[in-house]
Amino acid sequence: MDKHSSMTDHTQHHDLESTPKEYAKFIAVILGIFIISYFATYLFWGLSMPNFLRMFMGTFFLIFGLFKLLDLKGFVTSYIGYDIVAKKYTNYAYAYPFIEIALALGYFFHIPYTDWATLIFMAIGSVGVFKELMRGSKIKCACLGTYIKLPLTTVSLIEDVGMGIMALITLVKIF
């Protein structure tokens, strides 16, 4: 038995009965990020697709990182159940919310290579989520820490892939 198996087993037994209230909270957070991003882009940078994508990604990473910090230990317990790096290196799971917040600051302050870091970061996350979905695992998603209790689903994969695609769009300057 490896050092993470008891923690991983714990993630398998979370109450995954997601209520409509849990989905409503998730939708409210995403809608809030969208609205904040739209108005902040307009106020600070001027509306354009690249500016909106940067503000959206920054706001997304900031909010998601902060939610994870509300119960860092609970987040880590869930996250090591499906992330390929966190399964091997628990410290990565502890660092993950801080990495998200650093990416947020990168987007807010136009720090070079933030898109590259996001692309790599999201690609790694996508692999773990995809593998667990293919296995048919019944694991709790740790996207918003322990605040919102939703199962790991294709929505989790869409989040990771979507953020990676947005980073790629801003890298190749499609808009």
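The values are calculated or read from the model by the stated rules, or taken from the named source; none is laboratory data. Since the model is a prediction, treat every value here as computed from it, not as a measurement. Quick reminder, even Gly has a Cβ in these numbers, built from the backbone with ideal geometry, and neighbours come from all protein chains shown. Protein only, heavy atoms only, side chains kept; ligands, DNA and RNA dropped before computing areas. Shrake-Rupley method; radii C 1.70, N 1.55, O 1.52, S 1.80 Å.
Values for this structure:
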| quantity | calculated |
| --- | --- |
| Filtered residues of the stretch 22-38 (kept if within 15 Å of the chain's Cα centre (by Cα), open to solvent by less than 60 Å² (accessible area, probe 1.4 Å) and closer than 12 Å to Ile148 by Cβ) | Phe26, Val29, Ile30 |
| The stretch 99-128, residues that are under 12 Å from the mean Cα position of the chain (by Cα) and among the aliphatic types (A, V, I, L, M) | Ile99, Ile101, Leu103, Ala104, Met122, Ala123, Ile124 |
| Evaluation of Ala142 against (1) under 11 Å from the mean Cα position of the chain (by Cα); (2) assigned to a helix (DSSP H, G or I); (3) over 26 Å from Thr41 (Cβ atoms) (one fails), failing number | (2) |
| Among residues of the stretch 30-62, those that are touching a helix residue (DSSP H, G or I) at 6+ places or on another chain (Cβ under 7 Å) and touching a residue at least 40 places away in the same chain (Cβ under 8 Å), counted | 11 |
| The stretch 114-137, residues that are in contact with a Gly (Cβ under 8 Å, 6 or more places away or on another chain) and not hydrophobic (A, V, I, L, M, F, W, C) | Thr114, Thr118, Ser126, Glu132, Ser137 |
| Within the stretch 123-152, considering residues that are closer than 20 Å to Pro97 by Cα and among the polar types (S, T, N, Q), the one surrounded by the most Cβ atoms within 10 Å (Cβ to Cβ) | Ser126 |
| Some residue of the stretch 155-173 being basic (Lys, Arg) and on the phi < 0 side of the Ramachandran plot | no |
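Each row is one residue, and each column tells you yes or no for (1) farther than 27 Å from Arg135 by Cα; (2) polar (S, T, N, Q); (3) open to solvent by 40 Å² or more (accessible area, probe 1.4 Å).
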| site | (1), (2), (3) |
| --- | --- |
| Pro20 | no, no, yes |
| Met49 | yes, no, yes |
| Leu53 | yes, no, no |
| Thr59 | yes, yes, no |
| Ile63 | yes, no, yes |
| Leu72 | no, no, yes |
| Tyr79 | no, no, no |
| Lys87 | no, no, yes |
